[in-house]
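Below you'll find the structure, written out as structure tokens, and then a few comments.
The values are calculated or read from the model by the stated rules, or taken from the named source; none is laboratory data. From a predicted model like this one, the values you see are computed outputs, not experimental measurements. Methodologically, a virtual Cβ is constructed for each residue, glycine included, from the backbone with ideal geometry; neighbour enumeration extends over all protein chains shown.
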Amino acid sequence: MHALRIAFCCAVGLLIAEPLAATEIVSLKTGGTLIGNVSYDGDAIVVEMRDSKVRVPAADVVTVASLDLGPVSKANELLLSALEARLLSGSGMEAVNKIAEAARLAPNDPHVAYWHASLLVEAGFGKAASEIYEGHREAIAKAFPGMADRLAGRIRERVDLEKLPEALVERIDNFNAGGASRESQDDTQLVASVFRLVDQEKTPLDRSTFQVQGNFNDQRIEAFEDGYYFFTGKQNRHSNDASKVVVNQVGLRPSEFELAASADRVPAAKDFVVQRYDDTAKQTYRAVVVDKSGKPIAGAKVVLQPANDRPSPQTGEVPAKLADSEGKVEIQAYPMRYNVMVSASGYKPEGQSVELKEGAAQEDQRFELYRTINGTVHVAWIMEGPQVNATITSSEADIEVKDGQPAPAPYDQNGPIWVRPMQVKDQLVLQFNLHQYGPPAPGATFGVWTAEAEETGEAGGDAKGKAKEKFASLDLNKFDELKKDLKPVQAGRGSSSRGRPVPSTPMQLQVPLEQGKVYVGKIPFRDPRNGQPVEVTFKLYVEGEKNPAA
């Protein structure tokens, strides 16, 4: 709008350099005439001529008649009226209609032609603007030597934009027109970008083939015809983080493209071309699956899934293969990074990642599976607040472990959500989550101790019974006294449920769990009901099948 005001003032200056014709002629009794804009003031007539006004008594006037000085004068008046309409009311079509009439009256006037083309491109009529400009190119260049090239560039941009799908052009125009209404009170701004994603044959790629990565909130991706996508997201006004379109799908070469997004105007659409592989590009993936003794596991299922991709019918997931009698598997797959999942009946599933590269040999990937563990963890606890003897809850629960994982159960904020038994390789461990709604309270400590069940010299159920008796005999209200006779246990590094390491952190620690031992401890936590710091004093033991035979 600021540029339009400047241009409007320039147009006024150019037009008043020519004689400004009056619209009416006033004949006087003296035989003289006055030409100008006429208005009435009581018993007098006021004739405005340039910067002066002449007041004539009505009794001295013979006639007042319209004066037609020709189409050029009318064209100039319409030009000024069109620019004024665009400047004051913001009505593009009103201005276009007036300037079109001016062009009809003065088809060879370069000033009219310039503004006709300019207002047309601003109103979204790029092809029509191009026709007007090309028909008066030389004359416009002479009349506007510093502005003609800029107008030509605007017309080219608009013509290119109109080559996009009609619905997408409308979406872009709506975004560009809504700048003022998008003003935000915080430090975020809505930005937009448009791009086209195709393969080397110009075949559009599906929405499932890519992700937009960057520092955005409220991302939205709208699909249009011919592989075009319109992206919007909220971004910090001061963010300089790079944004990109990442393609990761079976059968396509992994690719990344820089994404240019703007809050002012949608940048020009870019074509992102992704190479689609043919079967000659497939690489051979090899794996061997064994148990903990190194014996092959025939029939083990091996699945390759694209890394960082949500499984869907469009991802082209690689068909699963079963290990042969030697525990070996060969799979033909396109180059990319995969998550490899291996499973077999009675064994805990195992996962690793692998990257298949074009033209590069891949070594056999070894998987060692362990028999699944089943059992029951019996736990009792007291949750206390920061005040002395401020007991919040005191309860008991059983956590069933099936195939190395806690059996699914409804979330209960009053339950033992601070501990999770899980299988890591051939061992059952306790994973303690030392935080909830924030880090532990300052000064809180983590400690776990074991109490050995008394030896009976008998095996089987009686030994388990002794652990149960020991569990029942421990009084958590006398924890400080108990701790003196308990053996400390070293907490280890945390890991995921599939055995993959996680960053070492005091927020998540693991303790090996063995039958015949009762575990007693005190850990920092936060009450899930209100987020307040608490301490949990607990005791627990496990019974069941710890390590089945391989």
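Considering only residues that are outside any loop (DSSP other than H, G, I, E, B) and aromatic (F, W, Y), look in the range 131-182 and name the one that is farthest from F231 (Cα to Cα).
Selected residue: Y133.
Looking at the range 289-310, is at least one residue hydrophobic (A, V, I, L, M, F, W, C), closer than 27 Å to F195 by Cα and either not assigned by TED's automatic domain parsing to the domain that holds E350 or not in a strand (DSSP E or B) (or both)?
Yes, some residue in the range 289-310 is hydrophobic (A, V, I, L, M, F, W, C), closer than 27 Å to F195 by Cα and either not assigned by TED's automatic domain parsing to the domain that holds E350 or not in a strand (DSSP E or B) (or both).
I need the full set of residues from the range 347-373 which are crowded, with 17+ Cβ neighbours inside 10 Å, part of a strand (DSSP E or B) and over 34 Å from the mean Cα position of the chain (by Cα), in order please.
Result: Y347, Q365, F367, E368, R371.
Restricting to the range 95-136, and then to whatever is without any contact (Cβ under 8 Å) to a residue 12 or more places away in the chain and of a type in the set (D, E, K, R), can you tell me which residue is nearest to M147 (Cα to Cα)?
Residue satisfying both the conditions and the ranking: E134.
Would you please list the contacts, defined by Cβ atoms under 7 Å and residues six or more apart or on different chains, that run from a residue in the range 240-266 that is under 17 Å from P204 (Cβ atoms) to a residue that is assigned to a loop (DSSP other than H, G, I, E, B) and of a type in the set (K, R)?
none
For the range 330-370, what are the residues that are farther than 15 Å from Q305 by Cα, of a type in the set (D, E, K, R) and at pLDDT below 95?
K348, K357, E358, E363, D364
I'm checking my understanding of the structure. Among residues of the range 233-255 that are more than 16 Å from F216 (Cβ to Cβ) and not in a loop (DSSP other than H, G, I, E, B), which one is nearest to the chain's Cα centre (by Cα)?
Across the range 233-255, the extreme among qualifying residues is V247.
If only one of L34, L83 is modelled with pLDDT under 85 and either exposed (fewer than 12 other Cβ atoms within 10 Å of the Cβ) or under 30 Å from A143 (Cα atoms) (or both), which one is it?
L83
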